[in-house]
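Asker: I have a structure here, written as structure tokens, and I will follow up with some questions on it.
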Amino acid sequence: MKLPGLLSRRRRRASSMPLLALAALVCPAALPGAANAQASPYRLGVSQSVTHDDNLLRAGEGQMLPEGLRRSDTVSSTALIVGLDQPISRQRLQADATVRANRFAHNKRYDNEGYNLRLGLDWATAGRVGGKLFASRNRTLARFAGTEDGIPTERNTEQTTRLGASAHYGLAGPFRVEAGLERSTVGYSSERYRRRELEQDSASLGLRWRPRAGLNLLLSLRHTEGSYPHYLTAVDGSSRGDDFRRQAIELSGEWIPSAASRVHARLSQGRTRYDIARERDVSGLTGEVRWNWQPTGRFSLATTLRRQPAQDAYLLDAGGELGSIEYSRMSTVLALRAGYQLSAKVALRAEAEHSRRRLERTLNVSSLGADSRAARDHDNSLLLSAVWQAQRSLSLGCDWRRFARSESELFLAQRSNAFSCWGQFMLQ
């Protein structure tokens, strides 16, 4: 045996130990067996997207645009993303923050900066008690709707805040009591949209039953109180709010008939009552059924059937002296979503949705009284998307969206096509 050569190899191995230790701290994946090590709870990334929309302002066919605005536009969006997902004993702490800058090629008056902030905590005790705490705050450009409010000629950002807590307690056998509280607010930067600002509080109490594996049912009661605090604004600037209350009893559940199928269902009977805009009062049966089917590791299909109310109100003038236009809508939606894993790095997705709406408009003018009209229309939307996971930290994608709404006595027909491409680089 050649001792000098052996000692030399041992010295080289010893001198490399500090470098290996440093590599383990800086980049654990660089070490053998690092694939089995625990992933970092932190993530940091950037994203960039470019979208061209041929009807950015969601104007109806034949609708004139305000001077200086373009119907089609290209939007560039740059975002910085940070996140945390950290287990702590029986708890799990999650936090995400995204800061985004949006720039328009032609309609530069809508340039804006937005953000999405979210903080959540899943907690549990050694016994039968557990729950969740969450808080979120978002700011984004208010969506263009092409409604009677007209097309906004100034930038209008929407701020949404949500705070919530839920808890559950396991009873004897397959039963569990669940309760929740939530507060949400919606605000706008433009004075023109202050009457749409919303404050809402809700509470729920329910009993969950798991009779066997793959089946659980939840019967719950929900009470909601809210207000549009600036629904009416007087000449002197003072505001009068429109308060509302909503009560509902809801039955929901999940059924897993096989390894490839999962069915979610929800049925709700409730009513909503307003203090001022009573034309928006609504009651009835609503619900949703969703079936997720994944027969193979590459292909998945989700089908959703949903019936839901949606309500809007527009004042004819800021003080409401001339009256208001009230819409009470009930829509039925059928949606299909399919995904296909073309290869280990390429995924395809397609979505189609058909919606039928029942519109009931009441025009209240103090000097003329009330005039009610009803109409029906339907929407169709389509999405085609492709994503390439170039590397573990780098993903690229493109998608095409089409939307079309039929004409009715109350709304103009509306169509739009949007094509976008994006990239995201994420360190985890």
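Asker: Restricted to the stretch 106-143, and to residues that are of a type in the set (S, T, N, Q) and outside any strand (DSSP E or B), which residue is surrounded by the most Cβ atoms within 10 Å (Cβ to Cβ)?
Answerer: The extreme case among them is Asn107.
Asker: Kindly indicate which of Arg349, Arg357 is at pLDDT 95 or above, out of contact with any helix residue (DSSP H, G or I) (no Cβ under 8 Å at 6 or more places or on another chain) and part of a strand (DSSP E or B).
Answerer: Step by step, each of Arg349, Arg357 is checked, and only Arg349 is at pLDDT 95 or above, out of contact with any helix residue (DSSP H, G or I) (no Cβ under 8 Å at 6 or more places or on another chain) and part of a strand (DSSP E or B).
Asker: Could you tell me which of the residues Ala39, Ala126, Ala29, Ala95 is at pLDDT below 95, within 28 Å of the chain's Cα centre (by Cα) and either outside the structural domain of Gln391 (by TED's automatic domain parsing) or small (Gly, Ala, Ser) (or both)?
Answerer: Ala39
Asker: Could you list all residues from the stretch 59-78 that are closer than 30 Å to Gln424 by Cβ and buried (at least 19 other Cβ atoms within 10 Å of the Cβ)?
Answerer: Asp73, Val75
Asker: Could I ask something else about it? Can you tell which of Leu232, Leu205 is touching a strand residue (DSSP E or B) at 6+ places or on another chain (Cβ under 9 Å) and surrounded by fewer than 17 Cβ atoms within 10 Å (Cβ to Cβ)?
Answerer: Testing whether each residue is touching a strand residue (DSSP E or B) at 6+ places or on another chain (Cβ under 9 Å) and surrounded by fewer than 17 Cβ atoms within 10 Å (Cβ to Cβ) leaves just Leu205.
Asker: Restricting attention to the stretch 196-240, report how many residues are modelled with pLDDT of 95 or more and among the hydrophobic types (A, V, I, L, M, F, W, C).
Answerer: 9
Asker: Out of all the residues in the stretch 262-315, which are modelled with pLDDT of 95 or more and of a type in the set (Phe, Trp, Tyr)?
Answerer: Hits for the stretch 262-315 are Trp291, Trp293, Phe299.
Asker: Now for a different question. Kindly establish whether Ala167 is over 30 Å from Ala259 (Cβ atoms), modelled with pLDDT of 95 or more and in contact with a Leu (Cβ under 6 Å, 6 or more places away or on another chain).
Answerer: no
Asker: Any idea which of (1) more than 20 Å from the chain's Cα centre (by Cα); (2) modelled with pLDDT of 95 or more is the one His378 doesn't satisfy?
Answerer: Unmet condition: (2).
Asker: Continuing with the same structure: Hey, can you tell me all the residues within the stretch 144-154 that are at negative phi, crowded, with 16+ Cβ neighbours inside 10 Å and not β-branched (Val, Ile, Thr)?
Answerer: Within the stretch 144-154, Phe144, Pro152 meet the criteria.
Asker: In addition: Looking at this structure, is Glu182 surrounded by fewer than 14 Cβ atoms within 10 Å (Cβ to Cβ) and not hydroxyl-bearing (Ser, Thr, Tyr)?
Answerer: In short, no.
The values are calculated or read from the model by the stated rules, or taken from the named source; none is laboratory data. Quick caveat: nothing in here was measured; it's all calculated off a predicted structure. Please note: Cβ atoms are built from the backbone with ideal geometry, for glycine as well, and neighbour counts cover all protein chains shown.
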